[in-house]
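Written out below as structure tokens is the structure these notes cover.
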Amino acid sequence: MLNKKFGFYATVALAGSVFLAGCGDDAANEGEGGGAAEPEFISVLTGGTTGTYYPLGGAMATIIENETGIDTTAEVSQASAANMTSLADGTGEIAFVQTDTAFYASEGTNMFEGEVIDSVSAIGALYPETIQIVTTEGSGIAAFEDLAGKSVSVGAPGSGTYINAEQLLEIHGMTMDDIDAQNLDFGESQESLQSGQIDAAFITAGTPTGAVESLSATSDVNIVPVAADKAAELIEKYPYYAEDVVPSGTYGLTEEVPTVSVLAMLVVQNDISEDTVYDITKAIYENTDQIQHAKAEFIKAETALDGIGIDIHPGAQRYFDEVNQ
């Protein structure tokens, strides 16, 4: 049973695929959305090298290869929205995305307007993707409203970060026209903040984020808070958000800063076989001790279906049904 819950692209060639013998078995798998492909090579699409997806993806690729025997690599990409399109185009097998971005793709809305992606399904949720509005000491920005008229990075074009910025601006009675919006990725945002070319940057990623840590090594970092009433208003309108904080001590902060988050998740091509996705899911969720990143502690089978707004791949569903009884 499909479980539904609300809550440059890397160019990769497939080395080949093997299809299960027997038309009857293939038809049964395809009828359940599980597909029948057993890839000889898997590309895990992540994000930029200064974000959180890339190091996690590298660790997961190693785990998948070690546990399943499938040659697996992690690829740099432009993150969520680009990753969904890449999987739909067949230029990757597994990808990191934000839960909200995956939902937009399944509905053909926002950056996917008129382009429904229904060839991708979920493996599972991973950890909170914290929306960090990053600035530096001396910027004069202490509250969200102070962003008006300032030069602000709102994420790479077509990214989930861009939509997050747009929706937070909306809740505060603002639009992109009220700021000098710059379409920069995380690394470019860090460099531009450091040089004073921009005043603030929206960064949606697990904390601590490499780009912000690099910035904090040379500058005093501030995170602009999202007030509780605005967080509540945002969540009421867009229920895939949740309240979150940037903890005290992160980036040298002396106290925690309230904000909101979405979830990071893994998605996979529908036509990868149920057994293969089962093995991949099991490999990841049972070997998180091999992931040397602070976010590994959040990756748990018991919460893997939280906030998923698209269909779960039957192979992943089978694994979670077994372990979450």
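The values are calculated or read from the model by the stated rules, or taken from the named source; none is laboratory data. Quantities reported herein were computed from a predicted structural model and do not represent experimental measurements. Cβ placement follows ideal geometry from the backbone for every residue including glycine, while neighbour counts extend to all protein chains displayed. Accessible surface areas use protein heavy atoms only, side chains included; no ligands, DNA or RNA. Shrake-Rupley method; radii C 1.70, N 1.55, O 1.52, S 1.80 Å.
Of the residues 185, 220, 229, 244, which is among the acidic types (Asp, Glu) and closer than 21 Å to residue 137 by Cβ?
Of the residues listed, the single one that is among the acidic types (Asp, Glu) and closer than 21 Å to residue 137 by Cβ is 220.
Here are 200, 231: which of them is aliphatic (A, V, I, L, M) and surrounded by fewer than 23 Cβ atoms within 10 Å (Cβ to Cβ)?
231
What's the number of the only condition in (1) part of a helix (DSSP H, G or I); (2) of a type outside the set (Gly, Ala, Ser); (3) in contact with a Phe, Trp or Tyr (Cβ under 9 Å, 6 or more places away or on another chain); (4) surrounded by 21 or more Cβ atoms within 10 Å (Cβ to Cβ) that residue 297 fails to meet?
Condition not satisfied by residue 297: (4).
Taking the stretch 165-181 as the search range and keeping residues that are of a type outside the set (Val, Ile, Thr) and open to solvent by less than 60 Å² (accessible area, probe 1.4 Å), which one is nearest to the chain's Cα centre (by Cα)?
Here the answer is 165.
Would it be correct to say that residue 111 is in contact with a helix residue (DSSP H, G or I) (Cβ under 6 Å, 6 or more places away or on another chain), more than 22 Å from residue 182 (Cβ to Cβ) and among the hydrophobic types (A, V, I, L, M, F, W, C)?
no
Pairs, please: C-beta under 8 Å, at least 6 apart or cross-chain, first residue within 22 Å of residue 238 (Cα to Cα) and in the stretch 160-187, second hydroxyl-bearing (Ser, Thr, Tyr) and modelled with pLDDT of 95 or more?
The qualifying pairs are 166/175; 169/175.
Could you tell me which numbered condition residue 322 fails, if it satisfies all but one of (1) of a type outside the set (Val, Ile, Thr); (2) closer than 17 Å to residue 101 by Cα; (3) part of a helix (DSSP H, G or I)?
For residue 322, the failing item is (2).
Being closer than 17 Å to residue 102 by Cα and in a helix (DSSP H, G or I) is the filter; apply it to the stretch 147-164 and report the residue that is most open to solvent (accessible area, probe 1.4 Å).
Filtering the stretch 147-164 for residues that are closer than 17 Å to residue 102 by Cα and in a helix (DSSP H, G or I), the one most open to solvent (accessible area, probe 1.4 Å) comes out as 162.
Confirm whether residue 125 is modelled with pLDDT of 90 or more, in contact with a strand residue (DSSP E or B) (Cβ under 6 Å, 6 or more places away or on another chain), within 18 Å of residue 285 (Cβ to Cβ) and open to solvent by 10 Å² or more (accessible area, probe 1.4 Å).
no
If the requirement is being farther than 28 Å from residue 86 by Cα, surrounded by 22 or more Cβ atoms within 10 Å (Cβ to Cβ) and at pLDDT 95 or above, which of these qualifies: 246, 267?
After applying the criteria, what remains is 246.
If you take the residues in the stretch 254-264 that are within 28 Å of residue 236 (Cβ to Cβ) and assigned to a loop (DSSP other than H, G, I, E, B), which one is least open to solvent (accessible area, probe 1.4 Å)?
Looking at residues that are within 28 Å of residue 236 (Cβ to Cβ) and assigned to a loop (DSSP other than H, G, I, E, B), I get 256.
So how many residues does the stretch 36-58 have that are touching an Asp or Glu at 6+ places or on another chain (Cβ under 7 Å), hydroxyl-bearing (Ser, Thr, Tyr) and closer than 12 Å to residue 79 by Cα?
1
Pull up the stretch 18-74, narrow it to residues that are at pLDDT 95 or above and acidic (Asp, Glu), then point me to the one that is surrounded by the most Cβ atoms within 10 Å (Cβ to Cβ).
67
Condition test on residue 78, is it part of a loop (DSSP other than H, G, I, E, B) and crowded, with 18+ Cβ neighbours inside 10 Å?
When the stated conditions are applied, residue 78 passes them.
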